[in-house]
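The values are calculated or read from the model by the stated rules, or taken from the named source; none is laboratory data. From a predicted model like this one, the values you see are computed outputs, not experimental measurements. All Cβ positions, glycine included, derive from the backbone under ideal geometry; neighbour counts span all protein chains shown. All accessible areas refer to the heavy atoms of the entire protein, side chains included, with ligands and DNA or RNA removed. Shrake-Rupley method; radii C 1.70, N 1.55, O 1.52, S 1.80 Å.
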Amino acid sequence: MSRIGNKPISVPAGVEVSIAEGNVVTVKGPKGELTKSFNKDMIIKSEAGEVKVERPSEEKIHKSLHGLTRTLIANMIEGVTNGFSKSLEIIGVGYRAAKQGKDLVMNLGYSNQVIVPEIDGIKIDVPQPNQIVVSGIDKQAVGQFACEIREKRPPEPYKGKGIRYVGEYVIHKEGKAGKGAKK
């Protein structure tokens with residue numbers, strides 16, 4: 001029994017949820033609009049300021065989709081009301097980021113600067129030269145874009161230099177032992 005899937009999703013004031021043919025859910029709110037298509041087997045109902053998701057049977061696939069569908073709709077509602085953001089930090093001597101127009105320009109120890117353009121629905125902010133904040137209304141898109149920025153210079157295990165999420169713990173390895181080291 002899905003405990004998450006059975007919870008109704010409350011729709012805050014100023015948010016409009018519409019369900020079209022074929023389980024296409026559109027959520028409009030103060031920050032924007034999101035549309036997503038869900039599995040046709042799921043039963044999605046919008047009534048009296050809340051959205052409910054039900055499953056047609058107790059089959060394993062329906063149980064799996066039940067909680068997933070409910071969580072995705074809840075994330076859509078959360079995104080158009082408050083939005084999502086991911087914070088990244090840059091660690092390393094000479095490593096820094098700056099915003100030039102709509103592009104994120106980073107010096108990451110390579111011979112050339114790394115330039116990442118802003119995409120639709122995603123906003124990049126650089127409050128300090130060693131911090132990057134990625135924000136938007138789609139949780140999946142924000143996480144994916146933050147991951148792509150992190151891939152430009154992932155944290156290395158010996159000194160910890162690179163781009164990491166705020167609060168991410170990087171396991172440090174011990175360096176290579178010298179000539180006189182005993183086993």
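Which residue is nearest to the chain's Cα centre (by Cα), if the candidates are limited to the stretch 23-48 and must be assigned to a loop (DSSP other than H, G, I, E, B) and modelled with pLDDT of 90 or more? Among those that are assigned to a loop (DSSP other than H, G, I, E, B) and modelled with pLDDT of 90 or more, it is K31.
For the stretch 93-106, the condition of being open to solvent by 80 Å² or more (accessible area, probe 1.4 Å) and assigned to a loop (DSSP other than H, G, I, E, B) holds for at least one residue.
S111 falls short of the stated requirement of being open to solvent by 20 Å² or more (accessible area, probe 1.4 Å), outside any strand (DSSP E or B), closer than 30 Å to E16 by Cα and without any contact (Cβ under 8 Å) to a residue 24 or more places away in the chain. Residues in the stretch 134-153 that are within 23 Å of I73 (Cβ to Cβ) and either part of a loop (DSSP other than H, G, I, E, B) or open to solvent by 60 Å² or more (accessible area, probe 1.4 Å) (or both): I137, D138, K139, Q140, Q144.
State yes or no: is E89 over 25 Å from L34 (Cα atoms), of a type outside the set (V, I, T) and part of a strand (DSSP E or B)? Spelling it out, E89 is indeed over 25 Å from L34 (Cα atoms), of a type outside the set (V, I, T) and part of a strand (DSSP E or B).
Identify all residues within the stretch 40-62 that are surrounded by 15 or more Cβ atoms within 10 Å (Cβ to Cβ) and touching a residue at least 24 places away in the same chain (Cβ under 8 Å); write none if there are none. Correct list: D41, M42, I44, S46, V51, K52, V53, R55. Considering the stretch 63-88, and only residues there that are buried (at least 18 other Cβ atoms within 10 Å of the Cβ) and among the charged types (D, E, K, R), the residue that is nearest to the chain's Cα centre (by Cα) turns out to be K86. Of the conditions (1) more than 19 Å from G143 (Cα to Cα); (2) in contact with a Phe, Trp or Tyr (Cβ under 8 Å, 6 or more places away or on another chain), K86 fails just one. Which one is it? K86 satisfies every listed condition except (1).
Does G14 satisfy the condition of being closer than 22 Å to S135 by Cβ, assigned to a loop (DSSP other than H, G, I, E, B) and either modelled with pLDDT under 95 or open to solvent by 90 Å² or more (accessible area, probe 1.4 Å) (or both)? Yes.
Here L65, L72 are screened, and the one residue that is in a helix (DSSP H, G or I) and at pLDDT 95 or above is L72.
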